[in-house]
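S.K.: So that we are looking at the same thing, I have put the structure below in structure tokens.
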Amino acid sequence: YFREGESAVSPVFVPNTPRPFGGTWGAPLDGSIYRGQWFVFGSGDGIFALINSMGTAQVGALIPYLVDQEKTPIFGTYGGAVEWFNPPKPGLYGLQVLYEDLAGALGRWSAKEGHKNIMAVHIEGASFTKAAKAVEPMVKGVSGQSTVDFLPVKLPTQDYSPIILQIAQKRPDAIVAMLIESEFITFMRELRNQGVKTPVYAWGPVVTLR
């Protein structure tokens, strides 16, 4: 969150400022979490935009208040849902390819490479579950005889060994992995530890330079 005229790295301190849903804040407005709540302010607080916001669920909860009511723009959302942009919503500017489109592209890619039995491994949250459903129609569009199974996992998952065992038992010939980076690393490590060499198709959120 930034006030007009301040640098993009400056935290904004707003002691004893009313919250839109009651109570007051007494901590820096720097995108962090305070007492389990997100800082939420609108144009009436001198905030002109929310930049590079994090998470589909978090932004989805902010849109009715911040964009619709306060007319404060949100720019560069990380994640997103199709219904946010169809029809277009003034003041909401997405930057990342939507999860549904990413999932569909991965499904189509795996099917075009000849895989017939595909498993989509995804976080069980609503936005990930919905996006994972986009894998199947794209796979079927390439090969009507192909099958798609879905395997939801909890966030976070500390031990992926039971999940990898389920995958090994079902014996898919390709995996579409819709996990965040930390979960994907743990998932891939356990996949290799158990000797499962099924090809994995992964999406943008797990790409890293490390």
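The values are calculated or read from the model by the stated rules, or taken from the named source; none is laboratory data. Since we're looking at a predicted model, the values are computed, not measured. With ideal geometry, Cβ positions are generated from the backbone for all residues, glycine too; neighbour counts draw on all protein chains shown. Heavy atoms of the whole protein, side chains included, go into the accessibility calculation; ligands, DNA and RNA do not. Shrake-Rupley method; radii C 1.70, N 1.55, O 1.52, S 1.80 Å.
S.K.: The conditions are (1) outside any helix (DSSP H, G or I); (2) open to solvent by 20 Å² or more (accessible area, probe 1.4 Å); (3) of a type in the set (Gly, Ala, Ser), and residue 120 fails exactly one of them. Which is it?
M.R.: Result: residue 120 fails condition (2) only.
S.K.: Consider the stretch 94-117. How many of its residues are in a loop (DSSP other than H, G, I, E, B), surrounded by 15 or more Cβ atoms within 10 Å (Cβ to Cβ) and of a type in the set (A, V, I, L, M)?
M.R.: Within the stretch 94-117, residues that are in a loop (DSSP other than H, G, I, E, B), surrounded by 15 or more Cβ atoms within 10 Å (Cβ to Cβ) and of a type in the set (A, V, I, L, M) number 1.
S.K.: Still on this structure, I have one more. Inspect the stretch 77-93 for any residue being touching a Phe, Trp or Tyr at 6+ places or on another chain (Cβ under 7 Å) and either surrounded by fewer than 20 Cβ atoms within 10 Å (Cβ to Cβ) or farther than 16 Å from residue 203 by Cα (or both) and give the result as yes or no.
M.R.: The answer is yes; a qualifying residue exists.
Yes/no per residue for (1) surrounded by 16 or more Cβ atoms within 10 Å (Cβ to Cβ); (2) part of a helix (DSSP H, G or I); (3) not aromatic (Phe, Trp, Tyr):
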{"position": "130", "(1), (2), (3)": "yes, yes, yes"}
{"position": "139", "(1), (2), (3)": "yes, yes, yes"}
{"position": "156", "(1), (2), (3)": "no, no, yes"}
{"position": "176", "(1), (2), (3)": "yes, no, yes"}
{"position": "201", "(1), (2), (3)": "yes, no, no"}
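S.K.: Is the stretch 175-185 home to any residue that is modelled with pLDDT of 95 or more and of a type in the set (D, E, K, R)?
M.R.: no
S.K.: Here's another thing I want to ask about it. Search the stretch 122-149 for residues that are more than 17 Å from residue 108 (Cα to Cα) and in contact (Cβ under 8 Å) with a residue 12 or more places away in the chain and pair each with any residue that is among the basic types (Lys, Arg) and not in a helix (DSSP H, G or I) when their beta-carbon atoms are under 8 Å apart and the residues are at least 6 apart or on different chains.
M.R.: Hits for this filter: 123/154; 124/154.
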